[in-house]
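A short worksheet on the structure shown next.
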Amino acid sequence: MSRYAAMFERLNSEGAFGAFLMLGDPDLETSARLLDAVIEGGADMVEVGIPFSDPVADGPVIQAAAQRALKAGVRVGDCLDLIESLRARNSSVPIGILTYANIVAARPGFMSDAAEAGADSLLIADVPAFEAEPFAREMQQAGIEPVLIAAANTPDETLRSIASLSKAYTYCVSRVGITGTHAGGQFDAQLIDRLKDAGAASPVFGFGISKPEHVGAALATGAKGVICGSAIVDLVSRREDVRGFVQSLKAVTRNDSVAE
Amino acid sequence: MRLSGRFGRFGGAYVPEILVPALEQLEAAFLDAQDDPAFASELDGLLANYAGRPTPLTQCRNLPSNIFLKREDLLHGGAHKTNQVLGQGLLAKRMGKTRLIAETGAGQHGVATAIVGALLDFETVIYMGAEDVERQKLNVFRMELMGARLVPVESGGRTLKDAINEALRDWSASFEETHYLLGTAAGPHPFPTMVREFQRIIGKEARSQMIDQVGRLPDAVVACVGGGSNAIGLFADFIGEDVRLIGVEAAGKGLDGEEHGATLLRGTRGILHGAETYVLQDGDGQIADTWSVSAGLDYPAVGPEHAHLKDTGRADYVGVTDAQALDAFKALAESEGILCAFESAHALAHALKLAEREPDSAILVGLSGRGDKDVAQAQALLA
């Protein structure tokens, strides 16, 4: 059983909490400590960005994190090393990579390197469903699970192909726009229903989670989990307590009244 | 999508899922418009009576007389950009959009978008790298005079590629009422195909003008390539003919160093701004900083059709340095009384070399824009 499947099984009706961090932000050493901090705070899954110079799907907070990492001289190989050492410290937490197509394309064997390092899934932000097949095939061969994005404006036909391609979970986006720019708290229950009808992998909301009440609202749609990105990365940039923040958001997922 | 959007292995639409419906809507509007005589007649009317088409074909009198200049510098707005902003502007109207966004480097495409925004009554927002805003104050003012709002982009290297990133981010949140009027034949499908079709008029006119004036097709067609829209527009009607096609990239301070914009000559395959194409990048896939004296050629990717024309050998790509381009700029001014854009001077520089080697060849050169925008920089460089 994959680590994601085992996690969803273990959590049962409790929502999964995913914490996002940009690898190498602000430097390799701090980044390794932050990965541990979000797990200590209760993150069920860890989603890690590999920095790209031109991240068009990301808002100012995540862009700045990528810039900090690149400025610190962080290379793709360093990011894979960070994953490998996290995996050595924690054998069960699912680790998902979020990055861009050019990073994947530039490194022959990127997917097998990522799988060998211990990553479980890979989401390529600028590869939509209709370009995803060759990437998904290569991921499956390498032993890493593809994750695709489903948005509120994605038509049913595309949701069906996302359902067949996306394995670890389905990354759901409720509203238009880029990361870290939403007021937050508004989640599209219809998208979750449509994904269920399409037979998609567990839906997890990815944009607009920055407060405990957002977690509750997202899970109330029937989503299986949430990923918090910009709000955590913003704390990193201000050197504030990431662990306590994760704790406060994770706590909401244990509340039975919102979990189903 | 109804078309594959591929040129061999290149092209495609590598964008966040959220933008796919916007690209599908644009492709549908474009294909429907192509079949609609009313669209063609409105566009042709604007091209003729607003923008000033056809543009002349000028045979050089004092430079080698086997060089023929296709005079896009005489088009309203001062460059070939106007052809395709009119096309995309009309498409945006058809789709019921009320707002235009665009990226710009030196400001030429920003000015062209401001023109169409004023003419067709759109709210217009132009993204421009903060670095470029500083360097191109005159164009910034021109855009503002025509009612566009300028947003300086502070992220990344604060130049053209960062402006494209920012426009794509805006579009991700605004596509319901906003059309992204991309400025060149690059980016995700359908932009490379659509922009080529709106720029095809350049080569179509030049072809019949060559036949009228010289009695035959040219032996070689030469155009500068940044994103590649003027080159693909000039090439399009010659691709099926026995005519050499030569694209000229910015060799900047020299192809041996890092300071150039020669994506096809020095880049490797990658994926940037929505398309698989050649990209200037490091071994990790991080996009490189580029350099050219001409801002219009200062871009780390290139339109995917050029990548295909290069790989299939149908077109040749060469580099011209800043210094060589400046020499050609000066020569054209002194000998023919024409101030051309630095971008176009790259094409001319190569044509001058070719004309010397091949006095019997007829050489068609895309003079893509006029040089007013470059005069201040020329003054500093040539002083």
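Pull out a ≥ b ≥ c, the square roots of the eigenvalues of the alpha-carbon gyration tensor of chain B, then state rounded if a/c is under 1.5, prolate if not and a/b is larger than b/c, and oblate in the remaining case. It comes out rounded by the Cα gyration axes.
What you get for chain B, charging only the Cβ of Lys and Arg (+1) and of Asp and Glu (-1), is a dipole of about 520 debye around the Cα centre.
In chain A, the DSSP-assigned H stretches of four residues or longer account for a calculated mean residue ellipticity at 222 nm of -14500 deg cm²/dmol, using -39500 (n - 2.57) per stretch and the full residue count as denominator. Ranking B:Trp291, B:Trp171 by solvent-accessible area of protein heavy atoms (1.4 Å probe, all protein chains present), from largest to smallest, gives B:Trp291, B:Trp171.
Of the residues A:Leu235, A:Thr181, A:Pro60, the one whose Cα sits farthest toward the positive end of the charge dipole of the range A:3-252, with +1 on the Cβ of Lys and Arg and -1 on the Cβ of Asp and Glu, is A:Leu235.
Could you tell me how far the Cα centroid of the range A:88-106 sits from the Cα centroid of the range B:80-105, in Å? The range B:80-105 and the range A:88-106 have Cα centres separated by 39 Å. Screening chain A for whole DSSP H helices with an alpha carbon extent of at least 15 angstrom along the helix axis and a mean Kyte-Doolittle hydropathy of at least -1.0 yields A:28-40, A:60-71, A:76-89, A:129-142, A:242-253. Residues whose amide H lies under 5 Å from that of B:Val214, counting only those 5 or more places away or on a different chain, are absent; hydrogens are built 1.01 Å from N in the peptide plane.
Of interest is the spacing of the C-alpha centroids, which for the range B:27-63 and the range B:177-228 amounts to 11 Å. Beta-bridge orientation, the protein assembly as shown: approximately 20 percent antiparallel, per DSSP, counting only bridges with both partners inside. Every helix of 4 or more DSSP H residues in chain B counts as -39500 (n - 2.57), and over all residues that averages to -13500 deg cm²/dmol at 222 nm. For A:Lys250, give me every one of the lysines with a C-alpha distance below 19 angstrom, ignoring sequence neighbours fewer than eight places off in its own chain. Qualifying lysines at Cα under 19 Å: A:Lys211, A:Lys224. Projecting the Cα positions of B:Phe122, B:Ala33, B:Pro56 onto the charge dipole of chain B (unit charges on Cβ atoms of Lys, Arg, Asp and Glu, taken about the Cα centre) puts B:Pro56 furthest along the positive direction.
Using the Karplus relation 6.51 cos²θ - 1.76 cosθ + 1.60 with θ = phi - 60°, the per-residue 3J(HN,Hα) values for the range B:33-40 come to 5, 4, 9, 10, x, 5, 5, 4 Hz, with x marking Gly and Pro. Please identify every one of the trypsin sites (Lys or Arg not before Pro) in the range B:215-313 that sits in a loop by DSSP and has no more than 10 other beta carbons within 10 Å of its own beta carbon. Here the trypsin sites (Lys or Arg not before Pro) that fit, given the DSSP loop and packing criteria, are B:Arg216. The separation of the range A:168-245 from the range A:122-160, counted between C-alpha centres, amounts to 18 Å. Dipole size of the protein assembly as shown about its Cα centre, with +1 on Lys/Arg Cβ and -1 on Asp/Glu Cβ: approximately 340 debye, rounded to the nearest 20.
Between A:Arg239 and B:Ala173, the simple spin-label model (points 7 angstrom out along Cα→Cβ) gives 3.0 nm. Which entries in B:Lys93/B:Lys204; B:Lys253/B:Lys353; B:Lys330/B:Lys353; B:Lys253/B:Lys330; A:Lys71/B:Lys161; B:Lys137/B:Lys161 show an alpha-carbon gap greater than 24 Å? In this structure, B:Lys93/B:Lys204 exceed 24 Å between Cα atoms.
The overall shape of the range A:3-252 is rounded: from the C-alpha gyration tensor, with semi-axes ordered a ≥ b ≥ c, the ratio a/c is less than 1.5. Taken about its Cα centre, the range A:3-252 carries a charge dipole of about 300 debye when Lys and Arg each add +1 at the Cβ and Asp and Glu each add -1 at the Cβ. Amide H contacts for B:Trp291 (H built 1.01 Å from N in the peptide plane; partners 5 or more residues away or on another chain; cut-off under 5 Å): B:His260, B:Gly261.
Between B:Gly8, B:Gly274, B:Val365, the Cα set farthest toward the positive side of the dipole of chain B (charges on each charged residue's Cβ, about the Cα centre) is that of B:Val365. Around the amide H of B:Val153, modelled in the peptide plane, lie the amide H atoms of B:Met128, B:Gly129, B:Ala130, all under 5 Å away and 5 or more residues distant in sequence or on another chain. These residues, A:Ser112, B:Ser344, go from largest to smallest accessible area, 1.4 Å probe, as A:Ser112, B:Ser344.
The string of couplings for the range B:110-121 from the Karplus curve (6.51, -1.76, 1.60, θ = phi - 60°) is x, 5, 4, 5, 4, 4, 6, x, 5, 5, 9, 6 Hz, one whole number per residue in order, with x for Gly and Pro. Here B:Lys373 is the anchor, and the aspartates and glutamates within straight C-alpha reach of less than 12 Å, apart from those fewer than 8 places off in the same chain, are B:Asp73, B:Glu343. Go through the range B:75-172 and name the GluC sites (Glu not before Pro) that are in a DSSP coil and have 16 or fewer other Cβ atoms within 10 Å of their Cβ. Passing both the DSSP loop test and the Cβ count: B:Glu154.
Taking trypsin sites (Lys or Arg not before Pro) in DSSP loop conformation with at most 16 other Cβ atoms inside 10 Å as exposed sites, chain A has its longest uninterrupted site-free stretch at A:1-237.
Each residue of the range B:161-171 is assigned a 3J(HN,Hα), and the resulting list reads 5, 6, 5, 5, 3, 5, 5, 5, 5, 4, 4 Hz, derived from the Karplus form 6.51 cos²θ - 1.76 cosθ + 1.60 (θ = phi - 60°), x at Gly and Pro.
The values are calculated or read from the model by the stated rules, or taken from the named source; none is laboratory data. Note that the structure is predicted; figures quoted are calculated from it, not measured. Backbone-built Cβ (ideal geometry, glycine too); neighbour counts: all protein chains shown. We work out accessible area using only protein heavy atoms, side chains counted, and drop any ligands, DNA or RNA first. Shrake-Rupley method; radii C 1.70, N 1.55, O 1.52, S 1.80 Å.
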